């Protein structure tokens, strides 16, 4: 990631996502803002129910946004947009889903699954050209072009996830939202898929929004990480900075809980437990502050003073 | 290994399944000992047979599976006259063992509780069957156990239903039910896979506490090497229905010998270097429908020796507690270096002493 002249690819401003109405109203995402730069891998980490998937789904317009705006390459893409823009956004933003067992159509063959997006966006494309693109996409993710005539159940979990990746690649996207792409896979297969994702990023200059709950994977793959809890981002920083100087108590709790494959460090590890009632936000509401260059944290006056003191150490 | 009492001993166990008219050889001649009061972690990919192995200890093998040969000797009832669990067939025969001696915590707390019964009823059921407690006595005991597993306000929680509990709390309830029978051995099958990281750490801590308090012997089944490092005294690495390496936690993590253990450790993102490719294991595990010759991992091992494809390696002892099934340890074998960062781990711990597993 080049330090200078970073181009902002995606901007999320004050996003709010609400489910239900009236008394059943539930605000899943509360006023979230962040930028994603071109060519980077931006990580969104949080526990189940934190709203991380909802943010991804809201960007790709599966879930409507109740307040706020999303800009892609400077153009607003949420709410009512022109048909031409809709088509171009559909093509340039793709998603990879968590469970490769559930996200592929059981009754369709691989060639249809992979080509479906093309059929919708380029209906004029000839059959031969489409087949050529499908086999290209399949070989790019390390599958044999012959697999096109098979059904999803004939593949292992890792291979299915590759099909899911091929399906999004064929659209030649610029931005891919990967929602827990490796959580459902086996340890030995995870590395294969992670390597594939970073290979594709290098070759095609892709930008990723990587959604996961596993900070150890995040550390390996992400350039910047945002930590989200109950619909609010509590801390955002470059990966190494976040691991070196975690400030928000929730981030610290998450980091302390990462299981490390090292018996010595596990024996001496001290768990930090996050208690949300520790914040006294009634009289002194928290603000989102850039506490040091490119390190943002949520806190009130008193907490921020503590964080600054910790950074100064 | 002096003064360590064996509580469970598996001898040359073979388990087969009949699937779509074909026979799948799921456990291929496993031998292992479980010592009293220890915590053993069984690590492996899905399909390596780790769950199948432990299901035999509690008699929950699926209907299409059977023990083809071998013994599972349980010494917990009478150390002089062990019971062979492999011989037990009916539920009546199992009733004395299951729950009272060996209990199991399943992976997914969302599906292992009955949604129609209160938590209190479900714990009470175990108390009634195994400890013959009824009425007020059972209720008191259940509330005791609930507070034991760290559930706040146990009196109120006692009469609630599973849907009123969060995932972590449900897993605590599942553990409470297992503990209600006062087992000697607690098998935890992926106890935290369905849980969040912070909750995972709490549940692992709870199981460790209970283990100390009730002098339990625990078996963890997991694919997460981070969890293993946290909980295990000893580690058994399984691949394709066989234990390929077994040793103390320190030995397996800092001085692994089997190429599969190397590969497994190397592919962890925790040990990866950013910007470089992670080590990844090529290919897929072998098909257990077919008989496997030689070392089952050979086909995926870039450094495999010729003999790996021909003959199955025996166990080679590295220390009194550490052994691995690989021809690399044979004195005649060429010197094959483990991957780079495995060597780094090794250097840090060069002066490690083998032969003792401390808990």
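Does the stretch A:88-120 hold any residues that are under 22 Å from the mean Cα position of the chain (by Cα) and loosely packed, with under 15 Cβ neighbours inside 10 Å, and which are they?
Within the stretch A:88-120, A:101, A:102 qualify.
Go through B:216, B:195, B:186 for me and flag whichever is over 22 Å from residue B:271 (Cβ atoms), within 13 Å of chain A (Cβ to nearest Cβ) and in contact (Cβ under 8 Å) with a residue 12 or more places away in the chain.
B:195
Pick from B:266, B:280: which is within 9 Å of chain A (Cβ to nearest Cβ), more than 27 Å from residue B:20 (Cβ to Cβ) and at pLDDT 85 or above?
Being within 9 Å of chain A (Cβ to nearest Cβ), more than 27 Å from residue B:20 (Cβ to Cβ) and at pLDDT 85 or above holds for just one of B:266, B:280, which is B:266.
Across the stretch B:45-67, which residue is surrounded by the most Cβ atoms within 10 Å (Cβ to Cβ) among those that are at positive phi and in contact with a strand residue (DSSP E or B) (Cβ under 7 Å, 6 or more places away or on another chain)?
B:49
Would you please name the residue that is farthest from residue B:106 (Cα to Cα), looking only at residues in the stretch B:9-37 that are outside any strand (DSSP E or B) and away from every other protein chain (no Cβ under 14 Å)?
For the stretch B:9-37, the residue satisfying everything is B:21.
Can you name every residue in the stretch A:243-260 that is without any contact (Cβ under 8 Å) to a residue 40 or more places away in the chain, within 13 Å of another protein chain (Cβ to nearest Cβ) and surrounded by fewer than 18 Cβ atoms within 10 Å (Cβ to Cβ)?
A:243, A:252, A:256
Of the residues that sit in the stretch A:126-149 and are in a loop (DSSP other than H, G, I, E, B), modelled with pLDDT under 90 and surrounded by fewer than 18 Cβ atoms within 10 Å (Cβ to Cβ), which one is nearest to the chain's Cα centre (by Cα)?
Going through the qualifying residues, I end up with A:142.
Looking at (1) modelled with pLDDT of 85 or more; (2) assigned to a helix (DSSP H, G or I); (3) loosely packed, with under 11 Cβ neighbours inside 10 Å, find the lone condition where residue B:347 falls short.
(1)
Which one of these does residue B:76 not meet: (1) within 16 Å of residue B:243 (Cβ to Cβ); (2) touching a residue at least 60 places away in the same chain (Cβ under 8 Å)?
With respect to (1) within 16 Å of residue B:243 (Cβ to Cβ); (2) touching a residue at least 60 places away in the same chain (Cβ under 8 Å), residue B:76 is out only on (1).
Please give the number of the condition residue B:205 fails out of (1) within 12 Å of another protein chain (Cβ to nearest Cβ); (2) surrounded by fewer than 24 Cβ atoms within 10 Å (Cβ to Cβ); (3) in contact with a helix residue (DSSP H, G or I) (Cβ under 8 Å, 6 or more places away or on another chain).
(3) is the only condition that residue B:205 fails.
To keep it simple, each residue is scored yes or no on (1) over 18 Å from residue B:43 (Cβ atoms); (2) exposed (fewer than 14 other Cβ atoms within 10 Å of the Cβ); (3) in contact with a strand residue (DSSP E or B) (Cβ under 6 Å, 6 or more places away or on another chain); (4) without any contact (Cβ under 8 Å) to a residue 24 or more places away in the chain.
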residue	(1), (2), (3), (4)
B:262	no, no, no, no
B:275	yes, yes, no, yes
B:281	no, no, no, yes
B:290	yes, yes, no, yes
B:297	no, no, yes, no
B:300	no, no, no, no
B:311	yes, yes, no, yes
B:321	no, no, yes, no
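Given (1) touching a helix residue (DSSP H, G or I) at 6+ places or on another chain (Cβ under 9 Å); (2) more than 20 Å from residue A:181 (Cα to Cα); (3) not in a helix (DSSP H, G or I), where does residue A:103 come up short, assuming only one miss?
(2)
If residue B:173 satisfies all but one of (1) surrounded by fewer than 22 Cβ atoms within 10 Å (Cβ to Cβ); (2) under 26 Å from residue A:256 (Cα atoms); (3) away from chain A (no Cβ under 12 Å), what's the number of the condition it fails?
Condition not satisfied by residue B:173: (1).
Check A:240, A:203, A:235 and return the single one that is more than 12 Å from chain B (Cβ to nearest Cβ), without any contact (Cβ under 8 Å) to a residue 40 or more places away in the chain and either out of contact with any strand residue (DSSP E or B) (no Cβ under 8 Å at 6 or more places or on another chain) or farther than 15 Å from residue A:142 by Cβ (or both).
That would be A:203, the only listed residue that is more than 12 Å from chain B (Cβ to nearest Cβ), without any contact (Cβ under 8 Å) to a residue 40 or more places away in the chain and either out of contact with any strand residue (DSSP E or B) (no Cβ under 8 Å at 6 or more places or on another chain) or farther than 15 Å from residue A:142 by Cβ (or both).
Is it the case that some residue within the stretch B:130-151 is surrounded by 20 or more Cβ atoms within 10 Å (Cβ to Cβ) and under 18 Å from the mean Cα position of the chain (by Cα)?
no
I'd like the full set of residues that are within 16 Å of residue B:205 (Cα to Cα) and not in a helix (DSSP H, G or I), limited to the stretch B:153-188.
Passing the criteria: B:186, B:187, B:188.
For the stretch B:287-301, give me the residue count where each residue is in a loop (DSSP other than H, G, I, E, B) and closer than 27 Å to residue B:249 by Cβ.
4
Would you point out which residue out of A:203, A:292, A:282 is assigned by TED's automatic domain parsing to the domain that holds residue A:97 and surrounded by fewer than 18 Cβ atoms within 10 Å (Cβ to Cβ)?
After ruling out the rest, the residue left standing is A:203.
Exactly one of these conditions fails for residue A:121: (1) under 30 Å from residue A:146 (Cβ atoms); (2) in contact with a helix residue (DSSP H, G or I) (Cβ under 7 Å, 6 or more places away or on another chain); (3) at pLDDT 90 or above. Give me its number.
Of (1) under 30 Å from residue A:146 (Cβ atoms); (2) in contact with a helix residue (DSSP H, G or I) (Cβ under 7 Å, 6 or more places away or on another chain); (3) at pLDDT 90 or above, only one is false for residue A:121: (3).
Which ranges mark the strands (runs of 3 or more DSSP E) fully within the stretch A:17-89 that have 1 or more residues being within 14 Å of chain B (Cβ to nearest Cβ)?
Because the criterion is at least 1 residues that are within 14 Å of chain B (Cβ to nearest Cβ), the strands (runs of 3 or more DSSP E) in the stretch A:17-89 that meet it are A:41-45.
How many residues does the stretch B:227-248 hold that are in a loop (DSSP other than H, G, I, E, B) and either within 19 Å of residue B:211 (Cα to Cα) or within 12 Å of the chain's Cα centre (by Cα) (or both)?
Residues flagged as in a loop (DSSP other than H, G, I, E, B) and either within 19 Å of residue B:211 (Cα to Cα) or within 12 Å of the chain's Cα centre (by Cα) (or both) within the stretch B:227-248 amount to 2.
Quick grid of which residues meet (1) in the same structural domain as residue B:296 (by TED's automatic domain parsing); (2) part of a helix (DSSP H, G or I); (3) modelled with pLDDT of 90 or more:
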residue	(1), (2), (3)
B:40	no, no, yes
B:54	no, yes, yes
B:78	no, no, no
B:133	no, no, no
B:141	no, yes, yes
B:147	no, yes, yes
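Report whether or not residue B:68 is outside any strand (DSSP E or B), in the same structural domain as residue B:188 (by TED's automatic domain parsing) and free of Cβ contacts under 8 Å to residues at least 60 places away in the same chain.
no
Does any residue of the stretch B:185-200 turn out to be more than 26 Å from residue A:258 (Cβ to Cβ), crowded, with 17+ Cβ neighbours inside 10 Å and in the same structural domain as residue B:54 (by TED's automatic domain parsing)?
Yes, the stretch B:185-200 has at least one match.
The values are calculated or read from the model by the stated rules, or taken from the named source; none is laboratory data. As the structure is a prediction and not an experimental result, all values here were calculated from the model. Don't worry about glycine lacking a Cβ; one is built from the backbone with ideal geometry, like all the others, and counts go over all protein chains shown.
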